[in-house]
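Have a look at the structure below, then the notes.
The values are calculated or read from the model by the stated rules, or taken from the named source; none is laboratory data. Note that the structure is a prediction, hence the values are computed from the model and not measured. Every residue, glycine among them, receives a Cβ derived from its backbone with ideal geometry; neighbour counts consider all protein chains shown.
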């Protein structure tokens, strides 16, 4: 399977560019691809990880087939909001990893899908069948999963072209000055901490719209709409505004009584790949999220 990307800025290292674009793959895996001659820049094989890219350069990577033994079906309960012969919409709980990786090889959403769903798109290989887009482990909410390659390509294109919309609810520390606005930055893996993403001039364009829905004494409930889909985008943008998502241990502070950030993908809209029907789904807030908001109201009273 080949993946092709266009570099937006001059000066990016080849390996770092691929690490950002080939989400879910490690730096060592990417280095292996380069060393095996499976990466091309503007049609020529690139053999050095440190190759400097120019703006507009076309980077093509041939993805090696993952080992099939890595992913097995597991009887993990799923909250299936909608399902037909082309796709299904899942309400993912907090704490569930979407697909297997080096640190988590079982107990993922993919393991559960393999058990509950007969057919899944094969575009992302055996490690990520059907996965069109992702949510972080401790982010809850709606995900669309493709059952065939046609639907997968169509849905991925909708997300890329922003015709599919993904809206989130989050509780932020403190109160934002503005009631609504748009955050535009460039995001890239942090060179000092590979678990993090940070705002960097050499990163990829990231745009998020926000609207404050409710203000409390020490926090605020905010609606976020993704216009791009970068790793940790909302969480990094919240930190960039100096108001991290409550409970976000990576970009903010650990919150007593919470197991992760108060970030929920509550609304998902797209056009059905085959029927062309406009489809919109909403998932109510998890109990722990609702309980936190109730406590904030009680504090005010």
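A few comments on the model shown:
Residue-by-condition table, conditions (1) part of a strand (DSSP E or B); (2) crowded, with 21+ Cβ neighbours inside 10 Å; (3) under 16 Å from the mean Cα position of the chain (by Cα):
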{"residue": "107", "(1), (2), (3)": "no, no, no"}
{"residue": "112", "(1), (2), (3)": "no, no, no"}
{"residue": "119", "(1), (2), (3)": "no, no, no"}
{"residue": "122", "(1), (2), (3)": "no, no, no"}
{"residue": "153", "(1), (2), (3)": "no, no, no"}
{"residue": "156", "(1), (2), (3)": "no, no, yes"}
{"residue": "167", "(1), (2), (3)": "yes, no, yes"}
{"residue": "176", "(1), (2), (3)": "no, no, no"}
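- Considering the stretch 93-122, the residues that are touching a helix residue (DSSP H, G or I) at 6+ places or on another chain (Cβ under 9 Å) and closer than 22 Å to residue 149 by Cα include one that is modelled with the lowest pLDDT, namely 100.
- As a summary of the residue check, residue 189 satisfies the conditions (1) farther than 15 Å from residue 250 by Cα; (2) surrounded by 14 or more Cβ atoms within 10 Å (Cβ to Cβ); (3) in contact (Cβ under 8 Å) with a residue 24 or more places away in the chain except for the one numbered (1).
- Candidate set from the stretch 205-228 (those that are assigned to a loop (DSSP other than H, G, I, E, B) and surrounded by 15 or more Cβ atoms within 10 Å (Cβ to Cβ)); member that is modelled with the highest pLDDT: 216
- When restricted to residues that are surrounded by 11 or more Cβ atoms within 10 Å (Cβ to Cβ), under 23 Å from the mean Cα position of the chain (by Cα) and within 14 Å of residue 155 (Cβ to Cβ), the stretch 260-301 contains 8.
- Evaluated against (1) over 22 Å from residue 165 (Cα atoms); (2) crowded, with 16+ Cβ neighbours inside 10 Å; (3) in contact (Cβ under 8 Å) with a residue 60 or more places away in the chain, residue 101 falls short on exactly one condition, (2).
- Screening the stretch 7-16 for residues that are free of Cβ contacts under 8 Å to residues at least 60 places away in the same chain and more than 13 Å from residue 40 (Cβ to Cβ) and picking the one that is surrounded by the fewest Cβ atoms within 10 Å (Cβ to Cβ) gives 10.
- Residue 249 outside the structural domain of residue 93 (by TED's automatic domain parsing), out of contact with any strand residue (DSSP E or B) (no Cβ under 9 Å at 6 or more places or on another chain), assigned to a loop (DSSP other than H, G, I, E, B) and modelled with pLDDT of 95 or more: yes
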